[in-house]
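Peer 1: Got a structure here, written out as structure tokens. Questions coming.
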There are 4 protein chains.
Amino acid sequence: MNIRLNCDMGESFGIWKMGKDEEIMPYISLANLACGFHASDAVTMSRSVELAKKYNVTIGAHPSYQDLVGFGRRSMKCTLEEIKSIVLYQIGALYSFCKLNKTTVSYVKPHGALYNDMMKDDNIYKAILSAISSFDKNIKLMILSTPNNEAYEHTARLYGISLIYEVFADRNYNDDGTLVSRVLPDAVIKDELDVMQRITNLKDRGYLESISGKKLFLKADTVCVHGDGDNALTFIKAVQKIVGS
Amino acid sequence: MNIRLNCDMGESFGIWKMGKDEEIMPYISLANLACGFHASDAVTMSRSVELAKKYNVTIGAHPSYQDLVGFGRRSMKCTLEEIKSIVLYQIGALYSFCKLNKTTVSYVKPHGALYNDMMKDDNIYKAILSAISSFDKNIKLMILSTPNNEAYEHTARLYGISLIYEVFADRNYNDDGTLVSRVLPDAVIKDELDVMQRITNLKDRGYLESISGKKLFLKADTVCVHGDGDNALTFIKAVQKIVGS
Amino acid sequence: MNIRLNCDMGESFGIWKMGKDEEIMPYISLANLACGFHASDAVTMSRSVELAKKYNVTIGAHPSYQDLVGFGRRSMKCTLEEIKSIVLYQIGALYSFCKLNKTTVSYVKPHGALYNDMMKDDNIYKAILSAISSFDKNIKLMILSTPNNEAYEHTARLYGISLIYEVFADRNYNDDGTLVSRVLPDAVIKDELDVMQRITNLKDRGYLESISGKKLFLKADTVCVHGDGDNALTFIKAVQKIVGS
Amino acid sequence: MNIRLNCDMGESFGIWKMGKDEEIMPYISLANLACGFHASDAVTMSRSVELAKKYNVTIGAHPSYQDLVGFGRRSMKCTLEEIKSIVLYQIGALYSFCKLNKTTVSYVKPHGALYNDMMKDDNIYKAILSAISSFDKNIKLMILSTPNNEAYEHTARLYGISLIYEVFADRNYNDDGTLVSRVLPDAVIKDELDVMQRITNLKDRGYLESISGKKLFLKADTVCVHGDGDNALTFIKAVQKIVGS
């Protein structure tokens, strides 16, 4: 299995800086770039696309609910027309900076609450697929890999969209393949050696262990890494060696 | 001279409605569509592009300073990087709804204070040209026609961008071809018969009279009409008959 | 029963106008003034308070989730700290314009989704009470009157806050005293004579009929009227005659 | 001369952190707290007021043009009604969190471009004075101390407002007492020993040397220190020892 690293990048906003984008960009394959609705702004987007281009990192749009102060982490009851429209708006905005840098938007990864809502609500999933499909069918959609990817795969095919399956190596999974809720104490795996062991397992044997020890065989096109911890760079370099891509 | 009508459209925001877009769209040639920085939002943009497409109206992006509460009418001291980036952001955002409707962005008309600042500051003019040029050299830029268009023309050519020259038939002009400032009482011509007479003159004889009676020969690719007055529709229909396009 | 009319006022935003505030203000008793989170802006608030003061209308703050583009109608998953803080922020902002006009904020009516969420979630209700209580215990809270007001009353008393009970004369009620959901066809009563009959009933006999014909005896300190319909003014004048206040 | 330290605090926004408020608060006398227009949000304001209260730091409102993405540093052409209203809005919003913490707003220091514009434009200065005066005449206004404070003093007195005179110890001054523009290389004095020497001079002898060596005798109620540099804390502690307040 060839696993690529994806990382949320370009999440500064105006004067406020977030993440070590300059340092981390060389070690990832897929950069999820914020589009101004949960983070980033026009200048930050321009610079982020330029940085990704410099290191040949594949660029993805990271659209969100419109909620800067809540960083897109608060679920909002939107209509499907609203969801389709805000996703299109953000893809287009990012696309303009890709044009400037003679590159393109290769995939979409919904951010935060929109990502979670997409996995739970088929109509939201379809609204997002519809947005991508109407912009460019070559753009892929990144979703959470589950033990039951078939339904997602089937729907995506109806819209002509290919999927990228994402696994979280630093999150605990329930036996049914869903993530342990962040409100529970065991949601996040903080020991980095543990996380690296999980990635090694995933790469070599194709599974992650659930919190109860069950083997979850998950399609893993990409693993999400975080760019804002104290030793994010060291960790990402180590993970990058494991996955070798 | 073939003069086309352009009109600011799609300037509703959320629940707040502005303009009679549905009624007016059939009678104009060029729709300047707001992109979310001074007016409009993702859903409004989607519907506005759909409406323009329905009536075969050419679509232009109407980018602005980022100032919803001030409707983009307040000049802001931005860096050139900021100006180039916000223009690109807004073109791209609008472009996504054009893709959805299988049409495209044909021109850019900066809005409000950004339009005025562009005409006064060559560096802002160049920042806007640079934004358009990096997105798509087929997109034109609409600017204010003056008796001295050569300098603007020359600069635009350096960026590979064609210009659309705009005349305001309901604004008084100074003898030097600049607009009478809006802070002065005679800035706006309110008598609609006068305005129609001026448009007829412009079309048939190629000039507008300045406020002192001087003949100003102005290149006029397009005349700006307003969609939000009480009898906007009647007026636009009448003007449309005069220009015959 | 003395029933006072309350109306959402000051819901313009920047250049966009909403409602006939100038016409309607003389006929209502309680003006719910938007505070910039779902509608209004600093200038609009200043003018709205001045207008209310001119007609001796009691001023209430109308705080909302932070969502201008959605007009505060979209429920957002906020923390209780966020809810308490945004309510305080908005009360204070409105209070400043009351100081300017030598009047004060007399009550709080949460807007839109925040109002609905407050009625459903006791913790949100408490967060709002806590915000008001820490600002000024003389400020009342307006809530939806139900057949079971005791629990709300009890909690409010713990925070030292008095309640204003609101009835919607133009909304159908279920037999349990909850409002018929807006997604159902019978949610809103559009016949104005019906609505006036209901208000007469409420005033003279103390009840509203539920959608099945059951008599719902509801405490009614105030009835909500709407200021933005085509004949809003005529209707409000008629209702004002019925309630006589 | 008793010189107190003022520092911009509470300038985080949502998830984005700025400044070492927790560390620095104990060593300053006056905390300029952002009010949501250039930085901060309701939750941040609530926590910032609580922190200032904990260390008995006097609280000032730090109102700004409405420009989060530009951090209030971009001058905007606002009407005087707009300026008065946004200043009132922000004072009131901050006041609500002062009520929550049983403290109050003691002064106003306009932020960034609004501060500069206030010093240059007498009408903006008056609009700000008028806003403060209508809220509470006990609230002072912090302005830049110049060799010619009389005109400012005279105007402030007409509005019943007392002034706090601020000096920048780390900025070079022209001979006429204005600050050397930030676009010039010598605008900021980076050597901390130099800055401390200047503060000592100011405290003991009442003057700062201009960039050409001229002695500028400046009324100095307060000196501005910055909370976001790498060794901001060390520096502020040292300065605090010099001024001894």
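Peer 1: Conditions: (1) over 30 Å from C:Lys241 (Cα atoms); (2) in contact with a Ser or Thr (Cβ under 6 Å, 6 or more places away or on another chain); (3) away from chain D (no Cβ under 14 Å). C:Arg4 meets all but one. Number of the miss?
Peer 2: In the conditions (1) over 30 Å from C:Lys241 (Cα atoms); (2) in contact with a Ser or Thr (Cβ under 6 Å, 6 or more places away or on another chain); (3) away from chain D (no Cβ under 14 Å), C:Arg4 misses (1) alone.
Peer 1: Out of the residues in the stretch D:134-155 meeting the condition of being in contact with a Lys or Arg (Cβ under 9 Å, 6 or more places away or on another chain) and aliphatic (A, V, I, L, M), tell me which one is nearest to the other protein chains (Cβ to nearest Cβ).
Peer 2: This residue is D:Leu141.
Peer 1: If the requirement is being among the aromatic types (Phe, Trp, Tyr), touching a residue at least 12 places away in the same chain (Cβ under 8 Å) and surrounded by fewer than 21 Cβ atoms within 10 Å (Cβ to Cβ), which of these qualifies: C:Tyr165, C:Tyr152, C:Tyr173? Talk me through it step by step, then tell me what you get.
Peer 2: On the way: C:Tyr152 fails: surrounded by fewer than 21 Cβ atoms within 10 Å (Cβ to Cβ); C:Tyr173 fails: surrounded by fewer than 21 Cβ atoms within 10 Å (Cβ to Cβ).
Testing whether each residue is among the aromatic types (Phe, Trp, Tyr), touching a residue at least 12 places away in the same chain (Cβ under 8 Å) and surrounded by fewer than 21 Cβ atoms within 10 Å (Cβ to Cβ) leaves just C:Tyr165.
Peer 1: Let me ask something additional. Could you grab me the full set of residues in the stretch D:6-19 that are at pLDDT 95 or above and surrounded by fewer than 23 Cβ atoms within 10 Å (Cβ to Cβ)? Before you say what the answer is, go through the steps one by one.
Peer 2: Applying the first criterion (at pLDDT 95 or above) to the stretch D:6-19 yields D:6-18.
Result: D:Ser12, D:Gly14, D:Ile15, D:Trp16, D:Lys17, D:Met18.
Peer 1: Would you call D:Ile59 β-branched (Val, Ile, Thr) and more than 26 Å from D:Met119 (Cα to Cα)? Working first, answer last.
Peer 2: Values: β-branched (Val, Ile, Thr): yes; more than 26 Å from D:Met119 (Cα to Cα): no.
Spelling it out, it is not the case that D:Ile59 is β-branched (Val, Ile, Thr) and more than 26 Å from D:Met119 (Cα to Cα).
Peer 1: Yes or no: the stretch C:45-55 includes at least one residue that is within 17 Å of C:Cys224 (Cα to Cα) and surrounded by 20 or more Cβ atoms within 10 Å (Cβ to Cβ). Please lay out each step first, then the result.
Peer 2: First, the residues of the stretch C:45-55 that are within 17 Å of C:Cys224 (Cα to Cα): C:52.
Going one step further and asking which of them are surrounded by 20 or more Cβ atoms within 10 Å (Cβ to Cβ), we end up with C:52.
Yes: one or more hits.
Peer 1: Separate question: Given D:Ile83, D:Ile91, D:Ile124, which one is under 27 Å from C:Lys137 (Cα atoms) and aliphatic (A, V, I, L, M)?
Peer 2: On the way: D:Ile83 fails: under 27 Å from C:Lys137 (Cα atoms); D:Ile124 fails: under 27 Å from C:Lys137 (Cα atoms).
Just a single option satisfies the conditions, and that option is D:Ile91.
Peer 1: Within the stretch C:193-241, track down each residue that is in contact with a strand residue (DSSP E or B) (Cβ under 6 Å, 6 or more places away or on another chain) and in a loop (DSSP other than H, G, I, E, B).
Peer 2: C:Gly206, C:Ser210, C:Leu218, C:Lys219, C:Ala220, C:Asp221, C:Gly227
Peer 1: Right, here's the next one. Among (1) at positive phi; (2) at pLDDT 95 or above, where does D:Ala156 come up short?
Peer 2: Unmet condition: (1).
Peer 1: Just one of A:Gly19, A:Gly36, A:Gly112, A:Gly60 is away from chain B (no Cβ under 13 Å), over 20 Å from A:Ile164 (Cβ atoms) and touching a residue at least 12 places away in the same chain (Cβ under 8 Å); which is it? Step through it out loud before you land on a result.
Peer 2: Working: A:Gly36 fails: away from chain B (no Cβ under 13 Å); A:Gly112 fails: over 20 Å from A:Ile164 (Cβ atoms); A:Gly60 fails: over 20 Å from A:Ile164 (Cβ atoms).
A:Gly19 is the lone residue from the list that is away from chain B (no Cβ under 13 Å), over 20 Å from A:Ile164 (Cβ atoms) and touching a residue at least 12 places away in the same chain (Cβ under 8 Å).
Peer 1: Continuing with this model, one more query. Would you confirm whether any residue within the stretch B:70-91 is part of a loop (DSSP other than H, G, I, E, B), away from chain A (no Cβ under 11 Å), more than 27 Å from B:Tyr165 (Cβ to Cβ) and more than 17 Å from the chain's Cα centre (by Cα)? Walk me through it before giving the result.
Peer 2: We begin by selecting, within the stretch B:70-91, every residue part of a loop (DSSP other than H, G, I, E, B); these are B:70-75, B:77-79.
Applying the additional criterion that residues be away from chain A (no Cβ under 11 Å) yields B:70-75, B:77.
Still in the list and also more than 27 Å from B:Tyr165 (Cβ to Cβ): B:70, B:77.
From the residues that got through so far, the ones that are more than 17 Å from the chain's Cα centre (by Cα) too are B:70, B:77.
Yes, some residue in the stretch B:70-91 is part of a loop (DSSP other than H, G, I, E, B), away from chain A (no Cβ under 11 Å), more than 27 Å from B:Tyr165 (Cβ to Cβ) and more than 17 Å from the chain's Cα centre (by Cα).
Residue by residue, here is whether (1) closer than 15 Å to C:Asn6 by Cβ; (2) surrounded by 15 or more Cβ atoms within 10 Å (Cβ to Cβ) holds:
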| site | (1), (2) |
| --- | --- |
| C:Arg198 | no, yes |
| C:Arg205 | no, no |
| C:Lys215 | no, no |
| C:Val223 | yes, yes |
| C:Leu233 | no, yes |
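Peer 1: If you don't mind, there's one more thing I want to ask. Can you find, within the stretch B:178-222, the residue that is farthest from B:Thr146 (Cα to Cα) among those that are free of Cβ contacts under 8 Å to residues at least 24 places away in the same chain and touching a helix residue (DSSP H, G or I) at 6+ places or on another chain (Cβ under 7 Å)?
Peer 2: My answer is B:Ile189.
Peer 1: Kindly indicate which of A:Lys99, A:Lys126, A:Lys53 is within 11 Å of chain B (Cβ to nearest Cβ) and either among the charged types (D, E, K, R) or in a helix (DSSP H, G or I) (or both). First the steps, then the outcome.
Peer 2: On the way: A:Lys126 fails: within 11 Å of chain B (Cβ to nearest Cβ); A:Lys53 fails: within 11 Å of chain B (Cβ to nearest Cβ).
The conditions single out A:Lys99.
Peer 1: Right, here's the next one. Sort out which residues of the stretch B:129-153 are in a helix (DSSP H, G or I) and either on the phi > 0 side of the Ramachandran plot or of a type in the set (Asp, Glu) (or both), and write them in order of number.
Peer 2: Taking the stretch B:129-153 and keeping what is in a helix (DSSP H, G or I), we get B:129-135, B:150-153.
Scanning the stretch B:129-153 gives B:Glu150, B:Glu153.
The values are calculated or read from the model by the stated rules, or taken from the named source; none is laboratory data. No experiment lies behind these values; they were computed from the predicted model shown. Virtual Cβ from ideal backbone geometry, glycine too; neighbours counted across all protein chains shown.
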